[in-house]
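Encoded as structure tokens, the structure appears first; notes follow it.
A short reminder: the numbers here are calculations on the coordinates, not readings from a lab. Please read all numbers here as calculations on a predicted model, not as lab measurements. Every residue, glycine among them, receives a Cβ derived from its backbone with ideal geometry; neighbour counts consider all protein chains shown.
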Amino acid sequence: MHHDLREAIRDLVDDLASKVIDVLRAATPSELHDARTNSRNTKPDARMPRSRHRRRKHSPNTDVVGADTLLDQMLDALRASPQGLRSEDLRARLRAEKATFRLVAREAIAADLIAKTGARRATMLALK
């Protein structure tokens, strides 16, 4: 039965392809141009979702207890590594969400608890 279904689908696709080719061969160049131009000028369906970049960004979860716990865990992990850790490695070690981790790290740097060196993926965090 699996092969019958596959053959039926293949026959349908072949039939459709041959009909599309016949229509394209019968059409004049101006008809093809008009069809292409008209398809570009159609308005998008109002029910289509908006693009990703227009979505509102949610603020990070700033739960005080979670942030305090994360700060304690961050300081403990940095005490165990005197040379410091890459921020990505530290976040992975703590299993913290990115937004919460960034918020806590930024507050710890502002409070002069940890030092940040480097930028982007080369960012290292260490105790002061």
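A simple packing score, the average count of other Cβ atoms within 10 Å per residue, orders the peptides 18-31, 80-93, 113-126 as 80-93, 113-126, 18-31, with the highest score first.
Here the simple spin-label model places points 7 Å from the Cα toward Cβ, and for A26 and R121 these points are separated by 5.6 nm.
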